[in-house]
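Below is one structure; the comments refer to it alone.
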Amino acid sequence: MRPVDGDAVATTAAVAERFAATADERAAFPAEALRAMRDTGLLGLLVPTVYGGGGGSVGDVVDATVELGRADLSVALVFAMHCQQVAALARYGGERLREHVLPAVAKGDLYLASVTTETGTGGHLLTSESPVALAGDTLHVDRRAPIVTGGRHADGFLMTVQTPGATTPHQVDLVFAARDQLTVEVLGDWQPLGMRATESVPMRLAGDVPAWQVVGPPGGFRTIAATVFAPLAHVGWSAAWLGTAAGALSRVVGHLRTGKRVDPSAELLRAHLADVRSRLDVVHALLRHTVHVLETAGDTTAAPVQLLVNTLKVRAAEECHRAVDELVDVVGLRHGYLAGSPLRLERALRDLRSASLNYGNDRLRLAGGALVLLDSKVRLA
Amino acid sequence: MDAEFVALVTRHLRYAGAGAVTAHSRLRDLGLDSMRSIELLFAVEDAYGVTIPDERLTDATFETAGNLWTVLQELATPLPDGTR
């Protein structure tokens, strides 16, 4: 087993930072940072030690993701989403599937992408309109997805599909497929405003996989989503956004101190800086508290826990974006708004604009409203 | 499960279709999303004159028609005129 430590994170973050501007400019996947994750063992952080991985906790994923987010939001998102796939496999994969996949992840040979988007479902995670055909013990998959983060570079995929024989789109399975089991087509371009290096292209993935590569029991995705996928997505994304906003504040403070460019007695400046910092402290406190609750709560699908996890996602998305937006006002047009500024606020702001869309805040508010009605005693998690 | 309950549950299922809802029917699979769960909850509470406590409003309670019926039976107390 290779230990995963602060050096692995620092090494990967340094590589991410070095290539971030080019990756953003070209909307190209951060291949060098992924190489560093493979080489340092960071890719296997969440893999249990019995399979040769780092045996890390969700808290360890948060630590690493925040640090990567300071350097490049796209790299942090790629890492966090990979960890989300690993967690689902480690917890719900059958023994044969775990033996097959997890040691390869630990060795750095298997970067996993998530295939949950569908054109017809409008971003609804828990439904699928992609049928599969079961013949004997073989599943024939033919899956189109409008957005697959890192899909062009992934070594394997976890994809949602309809349960074989499903009679409604609410019967959903999660299936692992290695890249070499599939015919992989990239169906289009990726030219977004921000998080450009996630290279989240539209894809078609088709092939035959043995039925034991289904994660969990038939129709089991709903439970996987409620207990692993949704919580880890929201925790991981929030950590990535927090890291990016913290990196932006750190560069601005460095700029203000080393250049002696401002009058520290200016009241407006100090008030803005305090605001920005408090936004980050609030998100950080909420993030750590949520991780603690997830690690200690008996039933993480209970309404108070789900509400907390959703609140983390919505508030982190809002506060991190606002924090960087406010920093642009602090340093002004030349240092805050120009693409070439070493403070890189322009990129951070573009990147963080995606936060409210990456599983839509509006959709989570609607789900939250229903959950509030299930908890009349307001049992605060 | 009585016929009134089956009819009530069926009305809240987008994909109940022609098949009869049984105790083993998996409500989520048949289209019971979070908002429909609330509507169903309000409807059964009205129909059976009960309030399901927060602690029972879990994923398990809404997993199958039979689970929801069992919770209702545990809570329902006979009315003074003996009709229930």
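The values are calculated or read from the model by the stated rules, or taken from the named source; none is laboratory data. Because the structure is predicted, anything quoted here is derived from the model rather than measured. All Cβ positions, glycine included, derive from the backbone under ideal geometry; neighbour counts span all protein chains shown. Note: areas computed on protein heavy atoms with side chains; ligands, DNA, RNA excluded. Shrake-Rupley method; radii C 1.70, N 1.55, O 1.52, S 1.80 Å.
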Legend entry - Residue among A:Leu357, A:Leu294, A:Leu286 that alone is closer than 24 Å to A:Phe229 by Cα, touching a Pro at 6+ places or on another chain (Cβ under 8 Å) and not hydroxyl-bearing (Ser, Thr, Tyr): A:Leu294
Legend entry - Qualifying positions in segment B:3-26 - surrounded by fewer than 18 Cβ atoms within 10 Å (Cβ to Cβ) and either hydroxyl-bearing (Ser, Thr, Tyr) or in a loop (DSSP other than H, G, I, E, B) (or both): B:Thr10, B:Arg14, B:Tyr15, B:Gly17, B:Ala18, B:Gly19, B:Ala20, B:Thr22, B:Ala23, B:His24
Legend entry - Residue selected from segment A:160-183 under the condition open to solvent by 10 Å² or more (accessible area, probe 1.4 Å) and of a type in the set (A, V, I, L, M), by the criterion nearest to the other protein chains (Cβ to nearest Cβ): A:Ala166
Inset, instruction - Please go through segment A:310-346 and pick out each residue that is open to solvent by 10 Å² or more (accessible area, probe 1.4 Å), of a type in the set (A, V, I, L, M, F, W, C) and part of a helix (DSSP H, G or I). - result: A:Val314, A:Val328, A:Val330, A:Val331, A:Leu333
Inset, instruction - Test A:Gly194 against the stated conditions and say whether it is in contact with a Pro (Cβ under 7 Å, 6 or more places away or on another chain) and not β-branched (Val, Ile, Thr). - result: no
Inset, instruction - Identify, by number, the condition in (1) open to solvent by 20 Å² or more (accessible area, probe 1.4 Å); (2) away from every other protein chain (no Cβ under 14 Å); (3) in a loop (DSSP other than H, G, I, E, B); (4) not hydroxyl-bearing (Ser, Thr, Tyr) that A:Ala381 doesn't meet. - result: (2)
Inset, instruction - Check whether at least one residue in segment A:15-25 is part of a loop (DSSP other than H, G, I, E, B) and open to solvent by less than 30 Å² (accessible area, probe 1.4 Å), and report yes or no. - result: no
Inset, instruction - Taking the options A:Leu307, A:Leu286, A:Leu280, A:Leu294, name whichever one is open to solvent by less than 30 Å² (accessible area, probe 1.4 Å) and of a type in the set (A, V, I, L, M). - result: A:Leu280
Legend entry - Scope segment A:184-207; condition among the charged types (D, E, K, R) and surrounded by fewer than 21 Cβ atoms within 10 Å (Cβ to Cβ); matching residues: A:Glu185, A:Asp189, A:Arg204
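To keep it simple, each residue is scored yes or no on (1) closer than 17 Å to A:Val305 by Cβ; (2) buried (at least 17 other Cβ atoms within 10 Å of the Cβ).
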{"position": "B:Arg28", "(1), (2)": "no, yes"}
{"position": "B:Gly31", "(1), (2)": "no, yes"}
{"position": "B:Ser34", "(1), (2)": "yes, yes"}
{"position": "B:Ser37", "(1), (2)": "yes, yes"}
{"position": "B:Val44", "(1), (2)": "no, yes"}
{"position": "B:Thr58", "(1), (2)": "yes, no"}
{"position": "B:Gly66", "(1), (2)": "no, no"}
{"position": "B:Val71", "(1), (2)": "no, yes"}
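Residues are listed down the side, and each one gets a yes or a no for (1) modelled with pLDDT of 90 or more; (2) in contact with a helix residue (DSSP H, G or I) (Cβ under 8 Å, 6 or more places away or on another chain); (3) within 11 Å of chain A (Cβ to nearest Cβ); (4) under 19 Å from B:Ala3 (Cα atoms):
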{"site": "B:Gly19", "(1), (2), (3), (4)": "no, no, yes, yes"}
{"site": "B:Arg26", "(1), (2), (3), (4)": "yes, no, yes, yes"}
{"site": "B:Met35", "(1), (2), (3), (4)": "no, yes, yes, no"}
{"site": "B:Phe42", "(1), (2), (3), (4)": "yes, no, yes, yes"}
{"site": "B:Ala47", "(1), (2), (3), (4)": "yes, yes, no, yes"}
{"site": "B:Val50", "(1), (2), (3), (4)": "yes, yes, no, yes"}
{"site": "B:Phe62", "(1), (2), (3), (4)": "yes, yes, yes, yes"}
Legend entry - Listing of strands (runs of 3 or more DSSP E) fully contained in segment A:132-230 that carry 3 or more residues being over 14 Å from A:Thr116 (Cα atoms): A:133-135, A:138-148, A:182-186, A:201-210
